[in-house]
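Trainee: Have a look at this one before I ask anything.
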Amino acid sequence: MWEHERLVVRTGKRSGMTTMVAVHSTAAGPAVGGCRMKAYGQITDAVADVLRLSKAMTLKCAAAGVPHGGAKSVIVVDRPLTPELRRDVLLDHAELVDEFGGTYRAAPDVGTGPEDMVVLNEITPFVYCLPEERGGTGSSSGPTARGVLAALRAASNHVFGTEDLAGKKVVVSGFGAVGRLVAEGLTAADVTVSDVDENRRTDRYGWVHPDEAYRVEADVLVPAAVGGVLSPETAAGLKVKLVVGPANNQLTDDGVADLLAERGIVWVPDHIASAGGVIYTLAREDDGVDHETALKRVDAIETTVRELLGTGR
């Protein structure tokens with residue numbers, strides 16, 4: 001059923017590549033959400049992704065208590081990106097973002113970063129996370145990981161009776177910018193990591209192939225890569241007690257949450273666990289608070305998760 005306020009799909013005049021913006025809701029305020037740049041099998045796959053992700057952003061903003069709705073944008077990569085082509089498609093995308101007149105405000109996501117926001121900013125002012133030297137807050141990976149660790153503390157206390165996961169086996173599936181920072185923050189745990197990129201393998205942690213990451217016997221699973229990883233089949237094979245991670249849209253459908261609960265597996269919704277980046281960026285760039293105050297807002301995710309799990313403050 002159609003739930004979104006607006007979806008625009010456009011072929012860029014410079015690049016000839018497809019870009020799109022989906023606004024799920026502006027009921028609470030201007031919609032915010034990242035700009036994802038990646039290859040898809042079909043354009044319909046990209047449309048499905050941007051619709052799912054934009055709805056998740058509405059939930060994330062609501063749970064974080066920020067006065068914004070949810071949106072998302074996607075640049076469909078259909079050929080190798082030279083520096084010139086990357087710039088062209090970003091400029092094409094910036095024109096599309098600007099057409100929304102501020103009802104959608106973009107930020108980095110998978111495949112983009114602060115330097116790409118600089119290119120968007122050449123055409124539209126409606127961007128977040130410019131590099132710090134340009135007056136923005138830069139990458140949100142650090143605050144996102146901090147929020148995940150806050151969620152893990154609360155959930156671990158609920159499940160294991162301890163916040164530090166000392167001696168517990170934790171599998172971090174997805175060893176990119178956020179996954180790496182989460183792993184580094186789990187100083188007392190026995191951490192195993194996984195990633196599709198073998199070059200990210202490190203002797204610092206245990207390593208498991210991505211195909212096995214959701215079948216390993218462990219205490220905690222941290223989904224930190226792509227979404228749609230928790231299907232009924234995957235849920236049936238999990239050998240963990242707790243699932244908390246920053247990957248967006250982890251469930252293939254809402255019924256998977258019930259399956260996890262039936263198996264006694266505690267799952268913290270991703271729109272809560274992954275909200276640290278949004279909370280920090282909006283606190284700094286919209287509200288104008290300082291770094292430490294913004295981090296305190298991120299740390300409040302721990303209180304949110306405690307209340308969600310019925311363990312109070």
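Rule-based calculations on the coordinates, nothing more; no lab input. Just so we're clear, the structure is a prediction, and the values are computed from it rather than from any experiment. Positions of Cβ are backbone-derived with ideal geometry, glycine not excepted, and every protein chain shown enters the neighbour counts.
Trainee: Counting each DSSP H run of 4 or more residues in the chain as -39500 (n - 2.57), what helix-only mean residue ellipticity at 222 nm follows after dividing by all residues, to the nearest 500 deg cm²/dmol?
Mentor: -11500 deg cm²/dmol
Trainee: Once you charge only the Cβ atoms, +1 for Lys and Arg and -1 for Asp and Glu, what is the size of the charge dipole of region 141-273 about its Cα centre, to the nearest 20 debye? Walk me through the intermediate numbers first.
Mentor: On the way: 12 positive and 18 negative charges, 76 e Å.
Computed about the Cα centre, the dipole is about 360 debye.
Trainee: Kindly provide the Kirkwood hydrodynamic radius of region 141-273 in Å, to one decimal, from all pairs of distinct alpha carbon atoms.
Mentor: Taking every pair of different Cα atoms in region 141-273, averaging 1/r and inverting gives 14.4 Å.
Trainee: Calculate one ³J(HN,Hα) per residue across region 228-245 by plugging θ = phi - 60° into the Karplus curve 6.51 cos²θ - 1.76 cosθ + 1.60, and present them in order as whole Hz with x for glycine and proline.
Mentor: Rounded to whole hertz, the list is x, 9, 9, 9, x, 5, 5, 4, 5, x, 5, 10, 9, 9, 9, 10, 9, x.
Trainee: Hey, another quick one. Report the local net charge at A150: Lys and Arg +1, Asp and Glu -1, summed over other residues whose C-beta lies under 11 Å from its C-beta.
Mentor: Around A150, the charge tally is +2.
Trainee: Sticking with this one: For the charge dipole of the chain, defined by +1 on Lys and Arg C-beta atoms and -1 on Asp and Glu C-beta atoms about the Cα centroid, which residue among A64, W267, G288 has the Cα displaced farthest towards the positive pole?
Mentor: Of the candidates, W267 comes out farthest on the positive side.
Trainee: So, one more: Please list log₁₀ I(q)/I(0) at q = 0.18, 0.27 Å⁻¹ for region 40-100, using the Debye equation with identical point scatterers on the alpha-carbon positions.
Mentor: Normalising to I(0) and taking log10 leaves -0.79, -1.08.
Trainee: With no solvent and one point per C-alpha, what does the Debye sum give as log10 I(q)/I(0) for region 18-153 at q = 0.09, 0.14 Å⁻¹?
Mentor: Relative scattering, expressed as log10 I(q)/I(0), comes to -0.25, -0.62.
Trainee: In nm, give the distance between the simple-model label positions of N199 and V226, each being 7 Å from the Cα along the Cα-to-Cβ direction.
Mentor: That separation, rounded to one decimal, is 1.9 nm.
Trainee: Lys pairs in the chain, Cα-Cα under 12 Å, at least 8 apart or on separate chains: how many?
Mentor: So the count works out to 4.
Trainee: Pop the C-beta distance of V118 and T187 into the FRET formula with R0 = 45 Å and round what comes out to the nearest 0.05.
Mentor: 0.85
Trainee: I would also like to ask the following. In the neighborhood of R297, defined by Cβ-to-Cβ distances under 15 Å, what is the net charge if each Lys or Arg adds +1 and each Asp or Glu adds -1?
Mentor: In short, -3.
Trainee: For E84 and H291 in one chain, what is 0.36 nm times their gap in residues minus the Cα-Cα distance, to one decimal in nm?
Mentor: That works out to 71.0 nm of additional length.
Trainee: Using the Cα centre of the chain as the reference point, and only Cβ charges (+1 on K/R, -1 on D/E), how large is the resulting charge dipole? Debye, rounded to the nearest 20.
Mentor: Using Cβ point charges on Lys, Arg, Asp and Glu, the chain gives about 180 debye.
Trainee: Rg and Dmax of region 229-313, Cα atoms, in Å?
Mentor: 15.3, 46
Trainee: Return the FRET efficiency for the residue pair A27, E99: r is the Cβ-Cβ distance, R0 is 25 Å, and the value is rounded to the nearest 0.05.
Mentor: Step by step, r from the Cβ atoms, then E = 0.75.
Trainee: Calculate the length of the line joining the C-alpha centroid of region 90-169 to that of region 182-249, in whole Å.
Mentor: Each part reduced to its Cα centre gives a spacing of 21 Å.
Trainee: How big is the Kirkwood radius of the chain, worked out from every pair of different alpha carbons and given in Å to one decimal? Display every interim value, and only then the final one.
Mentor: Values: mean 1/r = 0.0507 Å⁻¹.
It is 19.7 Å.
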